[in-house]
Amino acid sequence: MAAEQTGGRVRAASIIVGALLTVYVLGRNIPLPGVVLEAVFPVDRPQGLLGLLSTSRVSRLSIFALGLIPLYTPMACLEIAKLLFPALARWQIASARNFFRLNDYLRYTALVLAATQGYSVALGISQANNLIADTPGEFVVSVAGTCVGATALLIWLADRISLQGVVNGFWLLWAFTYIIARPAIGVQMLEIARNGGISQGSVLFVGLFVLAAHAAIVVLNFVLIDKPLALNDGESDADKALQARLASMAIIWPPLLAYFVLYLLDSLGGIYASVYPSWLRHGALAHAGLNGALIMLFCYAYSRRWRMNWQNVGDVFSEEGMKNTGAPMPFWLLGLVLIAVCAGGELVDRYFSLPFLSGGTVTVVTVTVVMGIFRSWRSAKPAAPPHASSFG
């Protein structure tokens with residue numbers, strides 16, 4: 001009876017999560033106030049359910065035009081700060097009050113960033129001809145305010161998803177953004193091949209690489225999360241949830257932090273284009289090499305931090321953790337797999353000159369999130385405690 005009640009709670013939570021994701025999809029199709037969509041997409045706009053799920057172009061001018069960037073930026077800065085200053089990480093987990101106070105600071109910072117980024121987006125759109133229905137001043141103010149409100153809505157959606165205990169809300173929204181775009185990318189790839197823009201052999205190679213990348217991340221999740229959880233079946237649900245969360249962050253954050261650092265460098269390259277070396281731009285071999293070096297560095301930083309702070313909480317990277325969990329995954333092996341997926345994806349983009357990015361980092365996040373959902377369904381138990389936050 002208890003198992004049936006727990007399974008019923010998970011199913012009910014999954015339905016609520018689905019409803020919240022529907023709100024997110026609808027928001028991606030609501031245009032920014034004052035934008036004349038007919039001037040941007042005069043013809044062949046997708047219709048029906050396919051159009052609703054694959055309107056990547058429309059979403060760039062929707063109320064969620066900024067996406068999760070205002071949230072992701074302070075989160076990435078905080079993660080780097082915790083790696084550089086371990087005392088900050090210890091302070092965060094010392095009490096629930098510290099944990100939620102830091103999350104509140106992240107929220108406030110995200111709203112400020114949404115205002116500044118929304119202002120920049122509105123200013124750029126207002127300078128184009130025939131794209132806005134209002135005066136430039138009114139348009140900029142309304143769009144900046146809309147971006148702040150939309151970011152607040154995303155924070156609320158992420159929190160409500162996390163409270164269901166099925167999966168972390170922020171990471172699910174991140175992954176879902178790309179999951180709903182994948183069918184359109186596949187159709188675009190086949191269309192390019194049919195028109196002779198890329199050979200069938202190249203399509204086959206890219207498809208095999210994407211499949212291999214997904215399989216590699218599945219194996220990482222099994223070795224670092226599923227296998228240790230199976231071997232430590234006697235632990236409490238709270239300890240298992242924390243162990244799964246820590247291991248998931250070790251898979252997700254190193255490539256994301258490397259991407260963040262490279263994004264800052266690429267932004268500098270855009271500002272100082274005349275002096276920025278071409279061999280450091282995205283797609284260059286040195287850029288992919290730097291991406292790999294950063295991933296390995298962040299993998300080492302996470303393994304070092306967990307040896308210091310969480311040796312008794314599912315630390316599968318310490319020697320003791322390896323003996324207890326049976327998951328011999330040193331940081332350098334984790335780094336090599338992530339490098340093959342992420343830096344390898346960048347080289348695939350460079351060699352085949354794809355009109356879109358194959359997304360190694362996106363693959364890491366998406367597969368890890370989806371496996372976390374399946375893990376919750378399979379165990380019929382929440383994957384996170386009820387008070388879990390989206391931004392811990």
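Data table
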read-out	value
Separation of the Val218 and Ser278 label points, Cα + 7 Å toward Cβ, nm	4.1
Charge tally in the Cβ shell below 15 Å around Val370, where Lys, Arg are +1 and Asp, Glu are -1, Val370 excluded	+2
FRET efficiency, Val36 to Cys77 (Cβ-Cβ, R0 51 Å, nearest 0.05)	0.90
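FYI, it's all coordinate maths here, none of it is from the lab. No experiment lies behind these values; they were computed from the predicted model shown. A quick note on method: Cβ atoms are made from the backbone with ideal geometry, for glycine too, and the neighbour counts reach across all protein chains shown.
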